[in-house]
Amino acid sequence: MRIGIDLGGTNIAGGVIGDGAELLYTKSVPTNAQRPYSEVIYDMGMLAVELAQMAGSSIESMESVGVGSPGTPHKGTGVILYSNNLGWENVPLVQELGRYIPVPIRLDNDANCAALGEYAAGAAKGSRSAVMVTFGTGVGGGIVLDGKIHSGFNSAGGEIGHMVIVSGGERCTCGREGCWESYASATALIRMGNGAADRDPHSLLASIRQKGRLNGRLIFDAAQKGDSAACQVVKGYIWYMAEGITNLVNIFQPEAVVLGGGICAQGDYIADPIREYVAQGVFCKQVELPRIVTATLGNNAGIIGAALL
């Protein structure tokens, strides 16, 4: 058995997986990220110990413990080089966690772990290669080639949300202009929805906004009810999603592309037009296209992927 820990800005989620990558036990505790990192890491260690006990075993008998962390963790040194979500810089996570866990500890980015989880046990299971894209507050993702996470020679690769798709476009949180994240994140969708409501105050979208803040689900709901303003927003948003995915297909030609994040609960309402856009936009139209599917593991993907590191 192995333990996976998904370290988030709000919660530390962990689980035990069996030999078939099936999730046997799960538990989470609050991160309280404003604390000193040593306290957060202590809670991670105690969570791992408790998970082993839940499985009727001991932490010493676990094969390994894997950790998925936001930001840029260096796999070789076990150090979190930088994590904006946690407010960490140069944190020796593996060394500190080793004080409580006497088994091998492995570390990677949380989005990479989610991609590995979907590759091994979720929507991309059976594929030789997969790219997962998570559309949330930002756009993140992970690349798995022949069963291994691809993150570059320095562990900082895979930041797919920060490829520019609109030169000189919207300013991104990273400082560049026109990043994919600035057009395909849920944050971008809400920005577009508010803009459309401003332009058409008689639209259903504007009426919904009068009752409270817009979110991705409300915008899609309005589009599915036939509101023209919302339909235009959703059509444009899906086009931006597809533009980036087409780039990824052209570069990696993965066997599967997995769409994740809350917005992808829309299922084939999003996936079908993305498939059509990609088929029209790929460089080589004579080869078989990747499967484009929605994620199936939800929040458990990061736990399972971390355990498999």
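Here are the numbers for this structure:
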{"read-out": "At 0.890 mPa s and 25 °C, Stokes diffusion of the stretch 136-287 via Kirkwood alpha-carbon radius, µm² per second", "value": "149"}
{"read-out": "Solvent exposure, largest accessible area first (probe 1.4 Å, DNA, RNA and ligands not counted), of F283, F220", "value": "F283, F220"}
{"read-out": "For N109, residues with placed amide H under 5 Å, excluding near neighbours", "value": "S69"}
{"read-out": "3J(HN,Hα) from dihedral phi, the stretch 175-182, Karplus parametrisation 6.51/-1.76/1.60, rounded to Hz, x for glycine, proline", "value": "x, 7, 10, x, 5, 3, 4, 6"}
{"read-out": "With 5 Å bins from 0: P(r) over the stretch 248-309, alpha-carbon pairs, percent", "value": "4, 16, 23, 20, 17, 11, 7, 1"}
{"read-out": "Amide H within-cut-off set for L86, under 5 Å, with H built and near neighbours excluded", "value": "none"}
{"read-out": "Rounded to whole Hz, the Karplus (6.51, -1.76, 1.60) HN-Hα couplings of the stretch 271-286, x for glycine and proline", "value": "5, 4, x, 5, 4, 5, 4, 5, 4, 7, x, 5, 5, 9, 8, 8"}
{"read-out": "Share of pairwise Cα separations in the chain, more than 31 Å, in percent", "value": "33"}
{"read-out": "Relative contact order (percent, whole number), the chain, Cα cutoff 8 Å, 6+ residue spacing", "value": "21"}
{"read-out": "Along each principal axis, Cα extent of the stretch 105-217, largest first, Å", "value": "53, 31, 25"}
{"read-out": "Ranked by how many other beta carbons lie within 10 Å on average, peptides 143-150, 284-291, 251-258, 54-61 from highest", "value": "251-258, 143-150, 54-61, 284-291"}
{"read-out": "Degrees separating the helix 186-199 axis from the principal Cα axis of the chain, which is the longest one", "value": "20"}
{"read-out": "The stretch 223-309, relative contact order in percent, only Cα pairs under 8 angstrom and at least six apart counted", "value": "35"}
{"read-out": "R171 - accessible surface, heavy atoms, 1.4 Å probe, Å² rounded to 10", "value": "150"}
{"read-out": "Karplus-derived HN-Hα couplings along the stretch 126-135 (A = 6.51, B = -1.76, C = 1.60, θ = phi - 60°), whole Hz, x at Gly and Pro", "value": "x, 7, 7, 8, 7, 10, 10, 10, 10, 9"}
{"read-out": "The stretch 165-229 and the stretch 21-46: distance between their alpha carbon centers, rounded to Å", "value": "34"}
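The values are calculated or read from the model by the stated rules, or taken from the named source; none is laboratory data. Predicted model, so just to flag it, every value in this text is computed and none were measured. Counting neighbours? That spans all protein chains shown, and the Cβs are built from the backbone with ideal geometry, glycine included. Side chains are part of the model used for accessible areas, which takes the heavy atoms of the whole protein and leaves out ligands, DNA and RNA. Shrake-Rupley method; radii C 1.70, N 1.55, O 1.52, S 1.80 Å.
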